[in-house]
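Chemist: Supplied in structure tokens, the structure appears directly below.
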Amino acid sequence: MNKIFVEKLHTTKLGAERIMRNLCLDVNDDVVEWCKQKIGNANSHIVRRGKNWYITIGGCIITVNIHSNTIITAHREK
């Protein structure tokens, strides 16, 4: 994935809360930075489906809106 894309990633307050809850992250974690590191990892698998990117890495799936670069959610792989 393009470095410029990763730098523009952001989320909403509710999105950050959802990601922390779904992935059991610490409240003090910077959710956007955590996601940027995962997405920027060379081992991440990125697929486009419709209007979203789905990034799979380390047992979790991160969903990003293509047009707004908003991290919508993240959850553990089933």
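Chemist: For the structure I just gave you, tell me whether Ile62 is aliphatic (A, V, I, L, M), assigned to a helix (DSSP H, G or I) and at pLDDT 95 or above.
Modeler: So Ile62 fails the test.
Per-residue answers, yes or no, for (1) at pLDDT below 90; (2) of a type in the set (A, V, I, L, M):
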| site | (1), (2) |
| --- | --- |
| Lys3 | yes, no |
| Val6 | yes, yes |
| Leu9 | no, yes |
| Ala16 | no, yes |
| Cys24 | no, no |
| Asn28 | yes, no |
| Val31 | no, yes |
| Cys35 | no, no |
| Lys38 | no, no |
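Chemist: Hey, another quick one. Could you give me the residue pairs with C-beta distances under 9 Å whose first residue belongs to the range 36-58 and is more than 17 Å from Lys8 (Cα to Cα), whose second residue is assigned to a helix (DSSP H, G or I) wherever it lies, and which are 6+ apart or on separate chains?
Modeler: Ser44/Lys38; Ile57/Lys38; Ile57/Ile39; Gly58/Lys38
The values are calculated or read from the model by the stated rules, or taken from the named source; none is laboratory data. Quantities reported herein were computed from a predicted structural model and do not represent experimental measurements. Positions of Cβ are generated from backbone atoms using ideal geometry, with glycine treated the same way; all protein chains shown enter the neighbour counts.
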